[in-house]
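The values are calculated or read from the model by the stated rules, or taken from the named source; none is laboratory data. Keep in mind that what you see is a predicted model, and the values were worked out from it rather than measured. Here Cβ is always computed from backbone atoms with ideal geometry, including for glycine, and neighbour counts include all displayed protein chains.
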């Protein structure tokens, strides 16, 4: 797949680097492409970019002058930057594109900043990009688990939710490629639950708000009988 990554921090950097290593074509959208690989984080994966990855401006990462057109766009910016990041891509840039929302609308004290009628961050993203096919994914765990989602030989779970069945299948494939147990959580409205699940993981990992800290090397798993 041709993937544009908007947001080059630990989450975007880790996911993009891994997808490129796995054979996908990845362009990181960064404000200063001249910095090259230095503009892209990714935990222990920092350093030179994989062969199938490069950097460009955010708009060029989605639609480049060289004919590049991303099939999938991952938005992994901090929540306050989401609206401006999507706007800067330009009119029509996201028409029909699978838009993976890996953000969480977190305010002070890990409070979720809901939209009208309790809309999730993903539903707010869909309102900002109405012609995109938004899927909530890659928001419920840390970048350490995105780099290696397997614990004692068992895959940790990655839930995803969206209104477009074909777009959900894209999220399923990309999560499976990384080694996750990819699980369809249903329509985009289920993103409300997934964002609360993210709050739980962060609380457990970081010890926020009186929750005992278990460290970042924890993950959720869906068990079946």
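Side notes on the structure shown:
- Looking across 131, 103, 141, one residue alone is more than 20 Å from residue 35 (Cβ to Cβ) and out of contact with any helix residue (DSSP H, G or I) (no Cβ under 6 Å at 6 or more places or on another chain). It is 131.
- Matching residues, the range 3-17, being part of a helix (DSSP H, G or I) and in contact with a strand residue (DSSP E or B) (Cβ under 8 Å, 6 or more places away or on another chain): 12, 13, 15, 16, 17
- Scanning the range 1-24 for residues that are more than 16 Å from residue 38 (Cα to Cα), surrounded by 21 or more Cβ atoms within 10 Å (Cβ to Cβ) and free of Cβ contacts under 8 Å to residues at least 40 places away in the same chain yields one hit, 20.
- So residue 150, is it in contact (Cβ under 8 Å) with a residue 60 or more places away in the chain and closer than 26 Å to residue 214 by Cα: no
- Tabulated pairs, the range 109-124, first touching a residue at least 60 places away in the same chain (Cβ under 8 Å) and at positive phi, second surrounded by fewer than 17 Cβ atoms within 10 Å (Cβ to Cβ) and in a loop (DSSP other than H, G, I, E, B), C-beta under 8 angstrom, 6+ apart or interchain: 109/208; 109/209; 110/208; 110/209
- Of the residues making up the range 209-217, none is assigned to a helix (DSSP H, G or I) and modelled with pLDDT of 95 or more.
- Residue check, residue 186 touching a strand residue (DSSP E or B) at 6+ places or on another chain (Cβ under 8 Å), farther than 23 Å from residue 151 by Cα and either at pLDDT 95 or above or surrounded by 13 or more Cβ atoms within 10 Å (Cβ to Cβ) (or both): yes
- Selection status of residue 193, out of contact with any helix residue (DSSP H, G or I) (no Cβ under 9 Å at 6 or more places or on another chain) and crowded, with 18+ Cβ neighbours inside 10 Å: no
- Single residue of the range 153-165 satisfying the filter (outside any loop (DSSP other than H, G, I, E, B) and touching a residue at least 24 places away in the same chain (Cβ under 8 Å)) that is surrounded by the fewest Cβ atoms within 10 Å (Cβ to Cβ): 154
Residue by residue, here is whether (1) surrounded by fewer than 16 Cβ atoms within 10 Å (Cβ to Cβ); (2) under 16 Å from residue 157 (Cα atoms); (3) free of Cβ contacts under 8 Å to residues at least 12 places away in the same chain holds:
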| site | (1), (2), (3) |
| --- | --- |
| 179 | no, yes, no |
| 197 | no, yes, no |
| 210 | yes, no, yes |
| 221 | yes, yes, no |
| 225 | yes, yes, yes |
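- Qualifying helices (runs of 4 or more DSSP H) (wholly inside the range 45-129; at least 3 residues being surrounded by fewer than 16 Cβ atoms within 10 Å (Cβ to Cβ)): 82-87
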